[in-house]
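Every number in this text was worked out from the coordinates using simple rules, so none of it is lab data. The shown structure was predicted, so the numbers you read here are calculated from the model rather than taken from an experiment. Virtual Cβ from ideal backbone geometry, glycine too; neighbours counted across all protein chains shown.
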Amino acid sequence: MNKILIAVPSENPGGLEAGLGAHFGHCDLYTLVSVEGGTIGDVSVIPNMPHQQGGCMAPVQYLASKGVHRLIAGGMGLRPLMGFNQVGIEVYHGGNARTVGEAVQAAIEGRLPQFSQEHTCGGGGGR
C-alpha cells in the first residue's frame with residue numbers, strides 16, 4: 001500500500017484524540033494523518049482557511065496543496081464535493097466515529113462510506 005495523507009476536520013486542539021469537526025468548511029482546523037501499509041504514521045495539525053476567502057473551493061484547493069489524498073468529513077455541500085472529486089481527493093463520511101483516530105482507523109479498515117450526492121448537505125454552498 002502506498003503512503004496516503006488523510007485530512008480530518010477537527011475540534012481544537014486537533015490530533016488523534018480530537019473530536020471530529022461536524023462540517024469540513026467550518027471546522028477550526030484539520031488533522032493530517034499519514035498512513036502507510038495500514039499503519040498510522042505522522043500526525044500534524046493545520047488551521048482552516050477563512051471560509052469567505054474563495055468560498056467553498058478555498059478549503060478544497062488548500063487541502064490539495066498540502067498533498068491530501070482523502071478527506072473524512074461529517075457533512076458538506078455538493079459544490080465542494082465536486083471540487084474534491086476534480087482535484088482527486090476522495091471524500092468519506094466519518095460515520096459515528098468520536099475521534100479523529102477512530103475515523104482514520106475505520107478508513108484504514110474500509111468501514112467508511114464514500115461521499116456521494118446523497119450524503120451532501122444539499123445545495124447549501126458547503127454550509
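Can you check what the net charge comes to around Ile46, using other residues whose Cβ is under 15 Å from the Cβ of Ile46 (Lys, Arg +1; Asp, Glu -1)?
Numbers: positive: Lys66; negative: Glu11, Asp28, Asp42.
Around Ile46, the charge tally is -2.
Amide H of Phe115 versus every other amide H placed in the peptide plane: which residues, excluding those fewer than 5 positions away on the same chain, fall under 5 Å?
Answer set, sorted by chain and number: Val91, Tyr92, His93.
Among Gly14, Gly83, Gly75, which one shows the biggest mean-square fluctuation in a GNM of the chain, springs joining Cα atoms closer than 10 Å?
Taking springs between Cα atoms under 10 Å, the residue moving most is Gly83.
Could you state the angle between the C-alpha long axis of helix 78-87 and the longest principal axis of the C-alpha atoms of the chain, as a value from 0 to 90 degrees rounded to the nearest 10?
On a 0 to 90 degree scale, this one is about 60.
Kindly provide the helix-only [θ] at 222 nm of the chain, computed as the sum of -39,500 (n - 2.57) over DSSP H runs of four or more divided by all residues, to the nearest 500 deg cm²/dmol?
Estimated from H runs of four or more residues: -6500 deg cm²/dmol.
For the chain, set up a Gaussian network in which alpha carbons nearer than 10 Å are linked by springs, and say which option among Gly19, Gly37, Gly94 fluctuates the most.
Evaluated over the chain, the most mobile residue of the options is Gly37.
Count the DSSP beta bridges whose two residues both fall in the chain, then state the antiparallel fraction as a percent rounded to the nearest 5.
Taking every DSSP beta bridge within the chain, about 75 percent pair in antiparallel fashion.
Report ³J(HN,Hα) in whole Hz for each residue of region 26-37, in order, from the Karplus equation J = 6.51 cos²θ - 1.76 cosθ + 1.60 where θ = phi - 60°; Gly and Pro get x.
10, 6, 6, 7, 10, 9, 9, 10, 8, 10, 9, x
Over the chain, with a Gaussian network built from C-alpha contacts below 10 Å, which listed residue (Glu109, Glu11, Glu36) shows the highest mean-square fluctuation?
Of the options given, Glu109 has the highest mean-square fluctuation.
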